[in-house]
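To keep things clear, I will list the structure first and then write my remarks on it.
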Amino acid sequence: MATKNNTRTTATSIKSLFKSGKVGKHSVGNSLYFRISDEGTGSWVVRYAIHRRRREITIGDYPAMSLADANGETALIKLEVKKGVDPLAERQRADNTQYQIVDDLAEDWLQDCDKRLKYSSIPRRVYKKDIAPYVGRLAIDQVTPRDIRAIINKITKSGRPTVSNDALMYCKQLFRHGLKLGLLVHNPAEPFSVSDAGGVEKSRSRALSFDEIKQVFESCRKHHNQFSRENYLAIALLVTLGVRKGELIAAKWEEFEMDEQLWHIPEGRSKNGKPISIPLPKEAIEWFHELFIRASGSEFVFPKRRVSKRQGHISPDTINAALQKMHREEKLGVDHFTVHDLRRTFRSLMAREGIPGHVAERCLNHSLKGVEGIYDRYDYLDERREALQKMSKILVPIINDGEKPLFS
């Protein structure tokens, strides 16, 4: 039961009342009450009426909240009630305090990405590396278009126009998610287009010529202090086996049957969602043997190089960054190319060597199209082994450059 206070309430009188331990709600005036519990704790309560209902809300504990602060908070609550807003109902919203900063919103958005995207690790990586460092700790409604512009400009200047476009796309999706949750009234990324980020991307058709491949490996050997041996062996395997970068860098030693000269890529890492066994030429096995020694007991073929990395293998950007640096310093001696262009190069070389298209496509782990894809369940393992051995025969001499193999 509330008791009325007919005298002017002061900080001193509240202190005395608290010391008395008199249990109940004591009127302070102007809809504010001071409550003392059975346990002897003190708190501030505001009573109000809205939609023909009487309500009360606890606004803070005593002495953490002073009388002056409690009066100020009471005035704000009464103003909200006058506008038709029920403070208690707002507080009781399940997710009202769940999202405070951009990182909170991003985690909810990324969980949504996990449900609907096959490769949700990509937006997660771009957010963590290129977006969060700039806005992750900001209040959600404090992010401005200037912040978005700073993010995409920073990425573009680093020579990663594609990532800049991706970052802009993910910023738009992230803050649209905030709009859906009622946390924002506008999207700070919406005014921007790809012309503000990395520019309109042209469809790539870059494939290195045989002479260019020779030049690239020669340059990488010459600048081995900048382009590590692990990176060298990675691009050697990519252009010789035609596998995807993601399939290679996340490979585990348990996937290999060296005696059978096979590498079994599980469905979880295969882009088309189907497992495939890669027949390994003798020279590729020698490179893997060297990588096994360099891995120093790691379960991964390409173990992480920094303790801070979350995953056990190298970052998806590691090889790209090493090549980009060589390009920027004009040390490769060929026109610009990307890691993915090595896969296109592999396919072009197979065509040049007369390897049948359906075998080449299976070497790339592409699903066969049309009627052939429906009825042809044969995996062409023997044909692929022969094709990859042929690729090894023409590429290994320029990759090893006459060096004696580590293992014979």
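Some values worked out for this structure:
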quantity: Subset of the stretch 235-249 (residues that are under 23 Å from the mean Cα position of the chain (by Cα) and part of a helix (DSSP H, G or I)); calculated: K245, G246, E247, L248, I249
quantity: Residue match in the stretch 121-137 (condition: touching an Asp or Glu at 6+ places or on another chain (Cβ under 8 Å) and not in a helix (DSSP H, G or I)); calculated: yes
quantity: The stretch 140-195, residues that are over 30 Å from H336 (Cβ atoms) and among the charged types (D, E, K, R); calculated: D141, R146, D147, R176, K180, E190
quantity: Cβ pairs under 6 Å, 6+ apart, first in the stretch 353-372 and closer than 21 Å to E267 by Cβ and of a type outside the set (D, E), second modelled with pLDDT under 90 and part of a loop (DSSP other than H, G, I, E, B); calculated: R362/Y380; S367/N272; L368/D376
quantity: Those residues of the stretch 159-213 which are in contact with a Lys or Arg (Cβ under 9 Å, 6 or more places away or on another chain) and hydroxyl-bearing (S, T, Y), in sequence order; calculated: S164, S205
quantity: Flag for A150 being in contact with a Phe, Trp or Tyr (Cβ under 7 Å, 6 or more places away or on another chain), more than 30 Å from E90 (Cβ to Cβ) and not β-branched (V, I, T); calculated: yes
quantity: Residue in the stretch 99-107 that is over 21 Å from D166 (Cα atoms), assigned to a helix (DSSP H, G or I) and modelled with pLDDT under 90 present; calculated: no
quantity: Residue check, S193 out of contact with any helix residue (DSSP H, G or I) (no Cβ under 7 Å at 6 or more places or on another chain), of a type in the set (S, T, N, Q) and touching a residue at least 40 places away in the same chain (Cβ under 8 Å); calculated: no
quantity: Selection count, the stretch 154-190, where residues are within 30 Å of L395 (Cβ to Cβ), touching a helix residue (DSSP H, G or I) at 6+ places or on another chain (Cβ under 6 Å) and not in a helix (DSSP H, G or I); calculated: 1
quantity: Only listed residue being of a type in the set (G, A, S), surrounded by 19 or more Cβ atoms within 10 Å (Cβ to Cβ) and modelled with pLDDT of 90 or more, chosen from G42, G60, G24; calculated: G42
quantity: Near pairs, Cβ below 8 angstrom, 6+ apart or cross-chain, from the stretch 110-127 (within 19 Å of S164 (Cβ to Cβ) and not assigned by TED's automatic domain parsing to the domain that holds E247) to any residue that is surrounded by 13 or more Cβ atoms within 10 Å (Cβ to Cβ) and of a type in the set (V, I, T); calculated: V126/V163
quantity: Residue in the stretch 80-94 that is touching a residue at least 60 places away in the same chain (Cβ under 8 Å) and acidic (D, E) present; calculated: no
quantity: Criterion violated by T10 - all others in (1) free of Cβ contacts under 8 Å to residues at least 40 places away in the same chain; (2) surrounded by fewer than 16 Cβ atoms within 10 Å (Cβ to Cβ); (3) not small (G, A, S) satisfied; calculated: (1)
quantity: Residues of the stretch 295-310 classified as of a type outside the set (G, A, S), in contact (Cβ under 8 Å) with a residue 40 or more places away in the chain and either in a loop (DSSP other than H, G, I, E, B) or surrounded by fewer than 16 Cβ atoms within 10 Å (Cβ to Cβ) (or both), total; calculated: 3
quantity: Any hit, the stretch 271-289, residues being under 26 Å from the mean Cα position of the chain (by Cα), among the aromatic types (F, W, Y) and modelled with pLDDT of 90 or more; calculated: no
quantity: Residue in the stretch 26-42 that is closer than 30 Å to G178 by Cα and outside any loop (DSSP other than H, G, I, E, B) present; calculated: no
quantity: The stretch 66-98: number of residues that are in a helix (DSSP H, G or I) and out of contact with any Lys or Arg (no Cβ under 6 Å at 6 or more places or on another chain); calculated: 20
quantity: Qualifying residue in the stretch 263-278 (condition: outside the structural domain of R125 (by TED's automatic domain parsing), part of a helix (DSSP H, G or I), among the charged types (D, E, K, R) and loosely packed, with under 15 Cβ neighbours inside 10 Å); calculated: yes
quantity: Subset of the stretch 127-166 (residues that are of a type in the set (A, V, I, L, M) and surrounded by fewer than 19 Cβ atoms within 10 Å (Cβ to Cβ)); calculated: A132, L138, A139, A150
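The values are calculated or read from the model by the stated rules, or taken from the named source; none is laboratory data. Owing to the predicted nature of the structure, the values given are computational and were not obtained by experimental measurement. Because the Cβ atoms are built from the backbone with ideal geometry, glycine has one as well, and the counts that use them run over all protein chains shown.
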